[in-house]
Amino acid sequence: SRRIVITGAASGIGLALYRQVKAAGDIPIGLDRQQGEGCDLVCDLTDAAAIAATVEKLDAPLAGLALVAGVPGTAPIATILAVNIHAPRLLTEALLPKLRKGAAIVAVSSITALRCDASAEELDRMLSFAPDQLAAACQNRDGKAAYELSKALLNRWATLQTFELSDKHIRINTVSPGPVETPILADFEASIGTEKIAAAARIAGRHGRPDEIAASVAFLLSDAASWVNGTDLKVDGGYHAKRLGPVR
Ligand code: NAI
């Protein structure tokens, strides 16, 4: 059985994934700042020292890493950046020696990344910033814009990691959900607006369920996705198509 590290495993999408990995006969190792089902190791992902200490406790070889933990635009800007972009990078870098050849990484992004106005060049520049520099660059952004940027940076970083990880033939992909029924949906309504969140449900007639996002993450972590690398899978009931096709 495969050992798979899952961040944000104590709630929502991460917990759904934790349960699915276990049910499939694999071994999930859940990281979260809050205790409960799904949390095997308490770790505050805004704390670089805590991340390093947690990585120390994990034994090789690991077959997968699911970067699910994230905070919405209602959180302080520094926390949004720390959890949504800095932590995935720190954890991936620190865990790399323990990931086996051919392992898979999946980061949970968001379709709101599509709304981010930064170009690929700007994103690349921001990815070279130290945390305080990036926070300073976000000074004029509200929480919603900082969230969108954090997820756009996550997508860009994951794309670039495709090459960085090729030495060990590690695959990396992102999953971009639309609104999902988890405890933070109300926070998204507050930061993004109830109208946009309601509009996202109109195509499919409802919001997503945590297990529907988890199933896509589990697929990308599995050998069934062995030739899927460097891509983003939108799991949003079709909402993103509104941006591409005729709007009804
Ligand atoms: P959730 O709030 O149910 O779960 C997030 C988990 O991350 C929680 O257990 C929380 O304790 C953990 N976490 C947050 N900050 C942490 C920290 N500093 N250290 C350690 N753990 C921390 O939220 P949900 O909905 O399951 O979100 C999972 C991912 O999905 C996030 O990255 C989120 O941005 C993304 N997403 C969610 C959507 C939704 O509508 N629920 C839509 C699009 C993306």
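Computed quantities for the displayed model
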item: About the Cα centre, charge dipole magnitude for the chain (Lys/Arg +1, Asp/Glu -1 at Cβ), debye; result: 620
item: Partners for K57 among lysines (Cα-Cα distance below 17 Å; same-chain residues under 8 apart left out); result: K98
item: Interchain or long-range residues, amide H under 5 Å from L233's placed H; result: T174, V175, S176
item: Length gained when the stretch A52-A137 is fully extended (0.36 nm per residue, less Cα-Cα span); result: 28.0 nm
item: Ranked by how many other beta carbons lie within 10 Å on average, peptides 228-241, 68-81 from highest; result: 68-81, 228-241
item: Pair D124, D211: separation of 7 Å Cα→Cβ label points (nm); result: 4.3
item: Amide H within-cut-off set for V71, under 5 Å, with H built and near neighbours excluded; result: N84
item: Cα-based reach from K168 at 14 Å (exclusive), listing aspartates and glutamates while leaving out same-chain residues under 8 positions away; result: E93
item: Residue-wise HN-Hα coupling along the range 173-183, computed from phi with Karplus coefficients 6.51, -1.76, 1.60 (Hz; x: Gly, Pro); result: 9, 10, 10, 10, x, x, x, 10, 6, 10, x
item: Note, ³J(HN,Hα) from phi for the range 58-74, Karplus 6.51, -1.76, 1.60, rounded to Hz, x at Gly and Pro; result: 8, 8, 7, x, 9, 9, x, 9, 10, 8, 9, 3, x, 10, x, x, 7
item: For the range 22-46 and the range 146-173, distance of Cα centres in Å; result: 22
item: Estimated inter-spin distance, K101 and A190, nm [label 7 Å along Cα→Cβ]; result: 4.9
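No value in this document is a laboratory result; all are computed from the given coordinates. Predicted, not measured: the structure shown is a model, and the values here were computed from it. Cβ sites come from the backbone with ideal geometry, for glycine too, and all protein chains shown count toward neighbours.
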